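Novice: A single structure is presented below for examination.
The values are calculated or read from the model by the stated rules, or taken from the named source; none is laboratory data. Computed from a prediction, not measured in an experiment: that's the story for all the values here. Using ideal geometry, Cβ is built from the backbone for each residue, glycine included, and neighbour counts are taken over all protein chains shown.
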């Protein structure tokens with residue numbers, strides 16, 4: 001059986017290794033499956049969320065659980081399946097289970113031989129009524145000086161993966177195209193450069209409950225502009241019209257079929273660059289000649 005050894009955790013409850021299976025099981029031959037990511041990136045946890053409801057629908061007798069590490073329990077909180085969160089599963093499925101091309105969510109659904117529609121290629125986030133109310137109150141407080149609140153535009157300039165895609169001056173130019181009576185909210189981490197003209201909502205990286213509040217706030221947005229990062233996945237989950245700013249892919253950016261990591265084989269399909277970008281969103285390459293005009297045209301189309 002091909003597998004890799006996971007991290008040895010420092011905390012007492014994480015003392016044993018967790019095996020990561022590289023190829024999907026046949027669900028009907030299993031009584032239970034633990035699905036999750038070992039990554040600490042929010043987006044990696046979010047792209048796994050559609051698997052749970054799909055597996056539960058097609059294999060109702062299958063017991064599903066996830067892994068306590070990082071954002072796995074955060075993105076699955078309030079899930080209608082009331083999933084178990086395990087501290088040390090024997091085998092973990094998720095990160096490297098990908099089949100075919102297209103979006104990572106499609107690749108993972110395809111790996112488990114689960115049917116899907118293109119419209120279902122988006123994360124699933126389940127918010128409680130109290131989380132939604134709290135988000136509305138937070139926005140009222142942030143924009144209390146706005147006498148006639150208009151559309152909410154959320155921007156996310158500095159992602160973990162793309163921290164320096166554009167400078168603050170370029171982002172200021174983007175904001176000039178947004179209608180003057182709109183509410184503009186920048187989301188990010190404490191200490192990040194604030195873009196003039198936008199209110200700033202900082203996420204507490206040490207408290208995962210802060211991510212839940214971010215989910216609810218982005219749900220209230222009418223428009224989203226950002227980089228390829230966690231908030232992009234959140235906006236897509238709630239069908240917020242989004243413009244994602246990217247760099248043109250370099251030649252030869254396709255992932256090889258078999259990759260070796262520390263002597264352990266990892267399977268990856270040949271896939272297009274940026275396999276975590278959603279076809280339902282709009283994308284603009286910042287290094288194209290008419291970049292500024294393309295951004296302006298998209299914003300105009302949302303008015």
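Novice: Quick one: would you say residue 239 is modelled with pLDDT of 90 or more and more than 27 Å from residue 292 (Cα to Cα)?
Specialist: no
Novice: Among (1) assigned to a loop (DSSP other than H, G, I, E, B); (2) surrounded by 15 or more Cβ atoms within 10 Å (Cβ to Cβ); (3) touching a helix residue (DSSP H, G or I) at 6+ places or on another chain (Cβ under 8 Å), where does residue 138 come up short?
Specialist: (1)
Novice: Can you name every residue in region 179-191 that is under 19 Å from residue 144 (Cα atoms) and either outside any strand (DSSP E or B) or not assigned by TED's automatic domain parsing to the domain that holds residue 165 (or both)?
Specialist: Answer for region 179-191, where residues must be under 19 Å from residue 144 (Cα atoms) and either outside any strand (DSSP E or B) or not assigned by TED's automatic domain parsing to the domain that holds residue 165 (or both): 179, 180, 181, 182.
Novice: May I pose another question? Keeping to region 202-212, report how many residues are surrounded by fewer than 18 Cβ atoms within 10 Å (Cβ to Cβ) and within 23 Å of residue 136 (Cβ to Cβ).
Specialist: Qualifying residue count for the region: 6.
Novice: Among the candidates 194, 221, single out the residue that is in a loop (DSSP other than H, G, I, E, B), within 20 Å of the chain's Cα centre (by Cα) and closer than 29 Å to residue 292 by Cα.
Specialist: Going through 194, 221 in turn, the sole match is 221.
Novice: Cβ-Cβ below 9 Å, separation at least six or inter-chain, first residue in region 116-138 and over 27 Å from residue 279 (Cα atoms), second surrounded by fewer than 16 Cβ atoms within 10 Å (Cβ to Cβ): which pairs?
Specialist: Close Cβ pairs satisfying both conditions: 128/78; 131/78.
Novice: I've got another one for you. Identify the residue in region 83-99 that is surrounded by fewer than 19 Cβ atoms within 10 Å (Cβ to Cβ), more than 20 Å from the chain's Cα centre (by Cα) and farther than 23 Å from residue 126 by Cα and, among all such residues, is modelled with the lowest pLDDT.
Specialist: The residue in question is 88.
Novice: Kindly check whether there is at least one residue in region 163-177 that is part of a helix (DSSP H, G or I), in contact with a helix residue (DSSP H, G or I) (Cβ under 7 Å, 6 or more places away or on another chain) and in contact (Cβ under 8 Å) with a residue 40 or more places away in the chain.
Specialist: Yes, that holds for at least one residue.
Novice: While we're looking at this one, here's another question. Is there a residue being outside any helix (DSSP H, G or I) and within 23 Å of residue 129 (Cβ to Cβ) anywhere in region 207-215?
Specialist: Yes, there is a match, as at least one residue in region 207-215 is outside any helix (DSSP H, G or I) and within 23 Å of residue 129 (Cβ to Cβ).
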